[in-house]
Amino acid sequence: MSRLKTVPAGTILECDVLIVGSGPAGITIAMGLAGSSLRTILLESGGERESTQSQDLLRGFVHPVGSHEPLEANRRRVFGGASTAWGGRCIAFDPIDFKPRPWIPYSGWPLGWRDVEPYLARAAALCEVGEPVFDAGSAFPGRQAEMIAGFDGGGVLSSPLERWGPPTNFARRYGPLLDKQANMTTILNATLVGLKFDPESGCVLHAQVALAPDHRFIVRARRIVLACGAIENARLLLASNDAASAGIGNAFDKVGRFYMSHPNGMHAWSRLTDPGGRFLFGFERHGETYVRRRFWITPTAQRRRRMGNAVASFLTPYGDEELQAGALSSAVFIAKFALALARKRDVADILRHRKVLLRHFGRMAKEAPALVPQLVEAARQRFFAKRRLPILLPRKEDLHNRFGLFYQTEHLPNPDSRIVLHSERDALGVPRAEARIAFTDLDVRTVMATHALVRDQFRRSGTGELVYDERDLEQQVRARLRMFDSMAHHAGTTRMSKEPATGVVDENCRVHGTSNLFVAGSSVFPTSSHANPTFMIVTLALRLAEHLRQGECCLSVGEVDQSQEQGHSTVRWQDATAAMVNKHA
C-alpha cells in the first residue's frame with residue numbers, strides 16, 4: 001500500500017474500490033482485498049496522529065442536552081480509527097441475536113448464525129485473540145467450567161468467555177502488511193464530504209473529498225464502501241442529498257434511525273458462600289490469549305422473561321468509594337484521574353474531587369510498604385509483558401467478599417433513537433450530526449430481569465447472594481439511561497434488512513436503491529446483542545470483502561459523464577501512485 005502525501009486540487013482519481021475509513025472495518029476490508037486485481041484506495045480523514053482539526057470534525061450535538069456523551073468524546077478520527085483506543089475485548093454474538101423474537105419489535109437479521117460462523121476464525125486472527133472459543137467448557141476440558149462452582153442453572157450460565165486481544169491497533173499491525181500490496185494505496189487527512197448520486201441508474205458517480213476547505217478532489221470508483229462508524233455513516237448518507245433530498249438510501253426514512261448502544265452499569269454487589277479457590281475471579285490464559293468468565297442469560301430465560309440479551313461480570317469500579325478495596329485500587333484511581341485531567345485540562349476538577357483524592361492518597365500512604373511490590377507486579381503485567389493484562393483487577397481477597405456486578409445489556413431497536421443532521425456545519429461544510437438516543441421500558445426491564453435471574457440463581461444454588469433494592473435499582477438504571485455514556489458502542493443507524501422499507505442495506509451490506517454503494521461496521525447491525533461490537537464488525541467486514549472480490553458492479557470507471565467533471569484532471573490510480581506517492585517506510 002502506498003501513501004499519497006497529497007493530491008492536487010481538482011484531480012480525479014479512479015479505482016475499483018474506494019474504502020472510506022481506516023478503523024477495524026475499513027482495514028479488514030482492505031486486508032480482504034489485498035493481493036487481488038481490484039485497485040483499491042483507502043481514504044482516512046485523520047492522520048497518523050490525532051489533531052485538533054480532525055477531532056473537531058467529529059463534534060456534534062446531543063438532544064436533549066446531557067442525554068448522551070459529547071459526540072467527539074468516544075470517537076477517533078485517525079489512521080486506525082477506533083482500534084487506536086479500544087480495550088481489545090472480543091465477544092461473539094449469539095445465534096438468538098440473528099433470529100426474529102416476537103417479544104422484541106424490529107428484531108431479526110436477514111442473515112443467520114450460519115452465514116457469519118465461517119468468518120469467526122479469521123476475525124479472531126485479525127483481532128489477535130487466538131481461537132474463536134467462547135465457552136470455558138470447550139477451552140478448558142476437564143477443568144471447572146463455571147465461574148462459581150455449583151452456580152449454573154435457572155437460565156444463567158457462568159461458563160461463557162470473553163477474549164481479550166493485545167489490544168490490536170489495526171493501522172500499526174496491518175499497515176506494514178498492506179504497504180507491500182501493489183493494488184493498494186491510502187490517502188490520509190482526506191475527508192469524504194459528499195457522494196454524487198444518480199437516482200436513475202442507482203450509481204454513486206463519484207466521491208467528493210477535501211484535504212482542506214479550499215482543496216478538493218474527486219474519486220471515481222466502481223464500488224464505494226463507507227466504513228466510518230455508526231454516527232458518521234448515517235451523517236454522510238443524510239448529507240449527500242443533492243439528488244435525493246432525504247439522502248442516499250433514505251427513501252423510507254430509515255437512515256439514522258434505530259441508533260443503539262448497550263445499557264450498562266453497576267448497582268448491585270454479591271457476597272459468596274465460598275469466595276475461595278472454587279471462585280474463578282480473575283483472568284486466565286487460553287493459549288496466549290487472556291480470557292475471563294462472565295454471566296450470560298440463556299435464550300430460554302430471555303424468551304420466558306421477554307427480555308433482551310444480557311451479560312454481567314464481577315468488577316470493582318475504582319471510582320466507587322462504596323466498593324473500594326485497598327491501596328492498589330487507590331493508585332489506579334489516581335492514575336486514571338490524572339489521565340482524565342490531562343485530557344480535559346480542567347484544573348478545577350481537582351478541587352471538585354479533593355475529598356475523594358485525599359482519601360485515596362491517605363490510603364496509599366498508610367499501606368505504602370505493601371503497595372510498592374503490588375505496583376511493580378501490576379506494571380510488569382500491564383506494560384512490560386508480551387501480552388499485557390487487559391484490566392488491572394484488585395485481588396479478590398482485598399474485596400472482603402463484596403463483588404460489584406457490572407451488567408451490559410442489549411439496547412432494543414427503537415426507530416425513535418436516531419442520528420439526524422444539525423443546522424451547523426463543520427469546517428468543510430458538512431452538517432454536523434445530532435444524537436437523539438432513546439430507550440424504552442423494555443430496555444429497563446431487561447436490566448431488571450438480568451439482576452433478578454442472577455439473584456434467584458444465587459439463592460437456588462446456595463452459592464451466595466446478590467444484594468440490591470429493586471426500587472433503587474430501577475431508579476438508578478433510569479437515571480443512567482437519561483445521562484447515557486455509550487462507551488463508544490454505536491450501532492444500528494444503517495440497519496440491514498431484506499426490504500428497503502425496513503432498513504438501509506441488504507444482506508450483502510449494499511445500500512438499498514444503489515448498485516455500487518456499501519456500508520461496513522456496526523451501523524448495519526439490526527440488533528446490538530450484549531457484545532462489544534468490534535469482533536462482529538470485523539466478522540461482517542470479512543464477509544463483505546469476500547463479496548466485493550466475487551461480484552461485478554454495473555458502473556465501470558470511465559462511464560461517468562465527463563461533462564460533470566469539468567475543470568478536473570483525471571489521474572488513474574496507477575498513474576497517481578507512480579507520480580505522487582512517497583512509499584511508507
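The values are calculated or read from the model by the stated rules, or taken from the named source; none is laboratory data. Worth saying up front: this structure is predicted, and the values here are computed from it rather than measured. So basically every Cβ, Gly included, is an ideal-geometry build from the backbone, and we count neighbours across all protein chains shown. Keep in mind that these areas ignore ligands, DNA and RNA; they rest on the heavy atoms of the full protein, side chains included. Shrake-Rupley method; radii C 1.70, N 1.55, O 1.52, S 1.80 Å.
I want the antiparallel fraction of DSSP beta bridges within the chain, as a percent rounded to 5. Present the calculation step by step, with values, prior to reporting the outcome.
Numbers: 54 of 84 bridges.
Taking every DSSP beta bridge within the chain, about 65 percent pair in antiparallel fashion.
Return one number: the angle in degrees, 0 to 90 and rounded to the nearest 10, between the long axis of the Cα atoms of helix 24-33 and the longest principal axis of the Cα atoms of the chain.
Around 50 degrees separate the two axes.
Return the sequence-ordered ³J(HN,Hα) values of the stretch 304-315 in whole Hz as given by the Karplus equation 6.51 cos²θ - 1.76 cosθ + 1.60 applied to θ = phi - 60°, using x for Gly and Pro.
5, 8, 6, 10, x, 6, 7, 9, 8, 8, 8, 9
Ignoring ligands, DNA and RNA, what percent of the accessible area of the stretch 173-324 is carbon or sulfur (1.4 Å)? The partial results should precede the final answer.
Details: 2530 of 5170 Å².
Ligands and nucleic acids excluded, carbon and sulfur give 49 percent.
Explain nothing, just the number: dipole magnitude of the chain about its Cα centre with +1 on each Lys and Arg Cβ and -1 on each Asp and Glu Cβ, in debye rounded to the nearest 20. Can you show the working numbers first?
On the way: 73 positive and 60 negative charges, 294 e Å.
About 1420 debye.
Summing -39500 (n - 2.57) over the DSSP H runs of n ≥ 4 in the chain and dividing by its residue number, what mean residue ellipticity at 222 nm do you reach, to the nearest 500 deg cm²/dmol? Could the numbers behind the result be given before it?
Values: 16 runs with 166 residues, N = 585.
Rounded to the nearest 500, the figure is -8500 deg cm²/dmol.
With 27 Å as the limit, write out which pairs from LYS5/LYS254; LYS5/LYS196; LYS99/LYS254 have Cα-Cα distances beyond it, or answer none.
Details: LYS5/LYS254 37 Å; LYS5/LYS196 25 Å; LYS99/LYS254 20 Å.
Pairs exceeding 27 Å: LYS5/LYS254.
Applying 1/(1 + (r/R0)^6) with R0 = 22 Å to the Cβ-Cβ distance of GLU424 and ARG49, what FRET efficiency is obtained, to the nearest 0.05? Can you show the working numbers first?
On the way: r = 26 Å, r/R0 = 1.20.
Efficiency computed from Cβ-Cβ geometry: 0.25.
I'd like the Karplus ³J(HN,Hα) series for the stretch 407-414: coefficients 6.51, -1.76, 1.60, θ = phi - 60°, whole numbers in Hz, and an x wherever there's a Gly or Pro.
Those phi angles translate into 10, 9, 10, 5, 8, 6, x, 9 Hz.
Computed FRET efficiency, Cβ-Cβ of ARG471 and ALA182, R0 51 Å: what is it to the nearest 0.05?
On the way: r = 64 Å, r/R0 = 1.26.
Using R0 = 51 Å, I get an efficiency of 0.20.
In Å, what is the Rg of the alpha-carbon atoms in the stretch 127-186, and how long is Dmax?
Using the Cα atoms of the stretch 127-186, the pair Rg, Dmax is 18.7, 56 Å.
Specify the angular offset, from 0 to 90 degrees and rounded to the nearest 10, of the alpha carbon long axis of helix 230-239 from the longest principal axis of the alpha carbons in the chain.
That works out to roughly 30 degrees.
Can you list the aspartates and glutamates whose alpha carbon sits under 13 Å from that of LYS396, skipping same-chain ones fewer than 8 residues off?
ASP274
Carbon-plus-sulfur fraction of the accessible area of the stretch 1-144, 1.4 Å probe, in percent? Working shown, then result.
On the way: 2920 of 5410 Å².
Carbon-and-sulfur percentage of accessible area, whole number: 54.
Could you list the residues of the stretch 436-452 with an amide nitrogen less than 20 Å from a label point located 7 Å from the Cα of THR300 in the Cα-to-C-beta direction?
Correct set: 449-452.
Quick check: Cα centre of the stretch 248-278 to Cα centre of the stretch 420-495, how many Å?
6
Hey, can you find the accessible area per residue of the chain for me, probe 1.4 Å, expressed in square angstrom? Don't jump to the answer; show the numbers that get you there.
On the way: 23800 Å² over 585 residues.
Accessible area per residue, the chain: 41 Å².
Enumerate the whole-percent occupancy of each 10 Å bin, from 0 to the last occupied one, for all C-alpha pair distances of the stretch 39-155.
Taking every Cα pair in the stretch 39-155, the percentages come to 10, 21, 29, 28, 11, 1.
Run through the DSSP bridge list for the stretch 34-192 and note the antiparallel percent, rounded to the nearest 5. Could the numbers behind the result be given before it?
Details: 4 of 8 bridges.
Percentage antiparallel, nearest 5: 50.
For GLY265, which sequence-distant residues (separation of 5 or more, or a different chain) have an amide H within less than 5 Å of its own amide H, given hydrogens modelled in the peptide plane?
It is TYR407, by chain and number.
Just to verify a number: what accessible area does ASP152 come out at with the full protein assembly present, 1.4 Å probe, Å² rounded to tens?
50
Quick one: Karplus J couplings for the stretch 174-180, per residue in order, coefficients 6.51, -1.76, 1.60, θ = phi - 60°, nearest Hz, x for Gly and Pro?
With coefficients 6.51, -1.76 and 1.60, one gets 10, x, x, 5, 6, 4, 7 Hz.
Using r as the Cβ-Cβ distance of LYS99 and HIS353, and R0 as 56 Å, what FRET efficiency do you calculate, to the nearest 0.05? Intermediate values should be presented prior to the final figure.
Details: r = 46 Å, r/R0 = 0.82.
According to the calculation, E is roughly 0.75.
Of all the accessible heavy-atom surface of the stretch 459-538, with the other protein chains kept in place and a 1.4 Å probe, what percent is carbon and sulfur?
Values: 1320 of 3000 Å².
That fraction is 44 percent.
In nm, to one decimal, how far is the ILE334 label point from the ALA73 one, both placed 7 Å along Cα→Cβ?
Label-label distance for ILE334 and ALA73, simple model: 2.6 nm.
Given the C-alpha centroids of the stretch 9-48 and the stretch 104-145, what is the distance between them in whole angstrom?
Each part's Cα centre sits 28 Å from the other's.
Can you give me the angle between helix 368-379 and the longest principal axis of the chain, using Cα atoms only, in degrees from 0 to 90, rounded to the nearest 10?
Helix 368-379 sits at roughly 40 degrees to that axis.
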